[in-house]
Amino acid sequence: MECLNTIFPVILYILGSILLIVLIMLCFKIMSTLKKVDQVVDDVNVKVGKLDGIFNIIDRSTDAISTVSDKVIDFISGAISKLFLRKRNKKEEKDYEEE
């Protein structure tokens, strides 16, 4: 029994030191991986920054096209509604004259 009381703590200390060394090595690996990921993220941010100008141009041109198409549709719908209003007015005048 006394043998277990002396050997068991030694085994635990050895396993604990091995675990500590493995965790330290794992931390160094994680740090190097995070540095690489940080470089990739910085590179992506630079490339996205270069594309922002293109996306702004596309956005402005889309807004301009939308405005022009809205004006054309408003003009066409106004013209069509005026035609129908004229026909109604003529029909109402005929109906009024007949009475």
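The values are calculated or read from the model by the stated rules, or taken from the named source; none is laboratory data. Just so you know, these numbers come straight off a predicted model, no measurement behind them. Backbone-built Cβ (ideal geometry, glycine too); neighbour counts: all protein chains shown. Quick note on the areas: whole protein, heavy atoms, side chains included, nothing else; ligands and nucleic acids left out. Shrake-Rupley method; radii C 1.70, N 1.55, O 1.52, S 1.80 Å.
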Would you confirm, using the coordinates I've provided, whether R60 is open to solvent by 100 Å² or more (accessible area, probe 1.4 Å), at pLDDT below 85 and in a helix (DSSP H, G or I)?
no
Are there any pairs, at least 6 apart or on different chains, whose C-beta atoms fall under 8 Å, with the first in segment 73-99 and assigned to a helix (DSSP H, G or I) and the second at pLDDT 60 or above, and if so, which?
none
